[in-house]
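Down below is the structure, laid out as structure tokens.
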Amino acid sequence: MDNHFNVVGYVKLAKLWERSENAAYEYHQNYYQNKFAGMSNYTLLDVYIDITGKRETYKRIEMVRLLKDCQLGYVDIIFTQTKGYLAANNREFCYLIKFLFSMKHRVDIITEDDTYNINTFVNEDGQREALLKMANDFIYLDPLDFQDWMSELRRSIDEVNNY
């Protein structure tokens, strides 16, 4: 088993942070660089930061770029300070989980939430399987909506230019 993992940070900040955009970028870049400094089994590939009021995952440019990098197999672990950064609501969260956990290349999620944190990497209590079941159960209620969401996400991923 490979003991080296490519990790990325993801942050979604409210639109009001646009006034302090540079400070927000600097803070979060430093936060993740310091978090993984000296950890030889992790390589911090990038920190993706969206400053937006958009709720839909496929409308957040940096999230879409991150998901494209996940599809390409570059990312092993998405690290975020709170699950609220990942998705604006249960629908978006379930759809995102289904998308990520259905990839050929395994992608794990770790959050730092004080309560109910997610760590599918360690997965001691079967979180990964439970989250995927939750997502599948949610999608079962309206599979056409999920198909529409996936179409929008694929379109957005196709439009993203990796830099």
#### Entry: Residue, surrounded by the fewest Cβ atoms within 10 Å (Cβ to Cβ), within the range 68-85, restricted to residues that are out of contact with any helix residue (DSSP H, G or I) (no Cβ under 6 Å at 6 or more places or on another chain) and assigned to a helix (DSSP H, G or I)
GLY84
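Could you tell me how many of the residues in the range 7-32 are surrounded by fewer than 16 Cβ atoms within 10 Å (Cβ to Cβ) and either free of Cβ contacts under 8 Å to residues at least 12 places away in the same chain or within 14 Å of the chain's Cα centre (by Cα) (or both)?
Counting residues in the range 7-32 that are surrounded by fewer than 16 Cβ atoms within 10 Å (Cβ to Cβ) and either free of Cβ contacts under 8 Å to residues at least 12 places away in the same chain or within 14 Å of the chain's Cα centre (by Cα) (or both) gives 8.
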### Query
Do we find a residue being under 24 Å from ALA14 (Cβ atoms) and open to solvent by less than 30 Å² (accessible area, probe 1.4 Å) anywhere in the range 133-144?
no
#### Entry: First in the range 87-98 and crowded, with 19+ Cβ neighbours inside 10 Å, second anywhere and part of a loop (DSSP other than H, G, I, E, B), Cβ under 7 Å, 6 or more apart
PHE93/ALA87; LEU96/ALA87
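In the range 102-117, which residue that is part of a loop (DSSP other than H, G, I, E, B) and either among the hydroxyl-bearing types (Ser, Thr, Tyr) or closer than 15 Å to ASP76 by Cβ (or both) is least open to solvent (accessible area, probe 1.4 Å)? Give the steps one after another, and end with the answer.
Start the filter on the range 102-117 by keeping residues that are part of a loop (DSSP other than H, G, I, E, B), which leaves 102-107, 112-117.
Pick out the ones that are also either among the hydroxyl-bearing types (Ser, Thr, Tyr) or closer than 15 Å to ASP76 by Cβ (or both) and you get 102-107, 115-116.
Numbers: SER102: 72, MET103: 34, LYS104: 215, HIS105: 59, ARG106: 111, VAL107: 0, THR115: 91, TYR116: 187 Å².
Of everything passing the filter in the range 102-117, VAL107 is least open to solvent (accessible area, probe 1.4 Å).
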### Task
Go through (1) in a helix (DSSP H, G or I); (2) of a type outside the set (A, V, I, L, M); (3) under 11 Å from the mean Cα position of the chain (by Cα); (4) closer than 22 Å to MET134 by Cβ one by one and return the number of the condition ARG65 breaks.
(4)
### Message
Against the conditions (1) in a helix (DSSP H, G or I); (2) open to solvent by 20 Å² or more (accessible area, probe 1.4 Å); (3) over 23 Å from GLU129 (Cβ atoms), where does GLY38 fall short? Just the number, please.
### Response
(1)
### Task
For HIS4, state whether it is over 17 Å from the mean Cα position of the chain (by Cα) and either modelled with pLDDT of 90 or more or buried (at least 19 other Cβ atoms within 10 Å of the Cβ) (or both).
yes
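Closer than 25 Å to ALA14 by Cβ and in contact with a His (Cβ under 6 Å, 6 or more places away or on another chain): which single residue out of ILE49, ILE118, ILE78, ILE109 fits that description?
Values: ILE118 fails: in contact with a His (Cβ under 6 Å, 6 or more places away or on another chain); ILE78 fails: in contact with a His (Cβ under 6 Å, 6 or more places away or on another chain); ILE109 fails: in contact with a His (Cβ under 6 Å, 6 or more places away or on another chain).
Step by step, each of ILE49, ILE118, ILE78, ILE109 is checked, and only ILE49 is closer than 25 Å to ALA14 by Cβ and in contact with a His (Cβ under 6 Å, 6 or more places away or on another chain).
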### Message
Just checking, does the range 121-129 include any residue being open to solvent by 20 Å² or more (accessible area, probe 1.4 Å), within 15 Å of the chain's Cα centre (by Cα) and farther than 24 Å from ASN30 by Cα?
### Response
yes
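The values are calculated or read from the model by the stated rules, or taken from the named source; none is laboratory data. None of these values were measured; they are calculated from a predicted model. Ideal geometry is used to build each Cβ from the backbone, glycine not excepted, and the neighbour counts take in all protein chains shown. All accessible areas refer to the heavy atoms of the entire protein, side chains included, with ligands and DNA or RNA removed. Shrake-Rupley method; radii C 1.70, N 1.55, O 1.52, S 1.80 Å.
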